[in-house]
Amino acid sequence: MQRASIILHYFMKQEATMKKPNRCISKHYELEKEILGEDHPDYANSINSLAVFYEATGNYKKAELMFLEALRIRKEIPGENHPDYATSLNNLAEFYRTTGNYGKPNRCFSMQ
């Protein structure tokens, strides 16, 4: 799965500069969802990467949804005491900060 993530990140960097969605990214996301299932930690990593892509291309609504979904999965698996959950909280809070939603980061860090 590591190789697939590297390829995904390559395409995301390319597409972020072109400002348009790429079918390869969507296909990778759907395949991973189908193969791993929606509650798999690697799927959460892909969702987080997709959120970063959407943020970079200005699609903030989709980015927020993806960050929230990655957070939900990581809260359940591997759990709130795992560093991946903390990373998701940080990613979401940083997204809110950079998009000017200054009140939302406080909610992220107080989530239980």
Could you list which residues have their amide H under 5 Å from that of ILE77, counting only those 5 or more apart in sequence or on another chain, with H placed in the peptide plane? none
Please list, in order along the range 70-84, the HN-Hα scalar couplings obtained from phi with the Karplus expression 6.51 cos²θ - 1.76 cosθ + 1.60 (θ = phi - 60°), rounded to whole Hz, x for Gly and Pro. 4, 4, 4, 5, 5, 5, 7, 9, x, x, 5, 8, 8, x, 5
With a 1.4 Å probe and all protein chains left in place, how much of the accessible area of the range 40-107 comes from carbon and sulfur atoms, in whole percent? 50
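The values are calculated or read from the model by the stated rules, or taken from the named source; none is laboratory data. Since this is a predicted model, take the numbers as computed values, not measurements. Accessible surface is based on the protein model in full, side chains and every heavy atom, while ligands, DNA and RNA are left aside. Shrake-Rupley method; radii C 1.70, N 1.55, O 1.52, S 1.80 Å.
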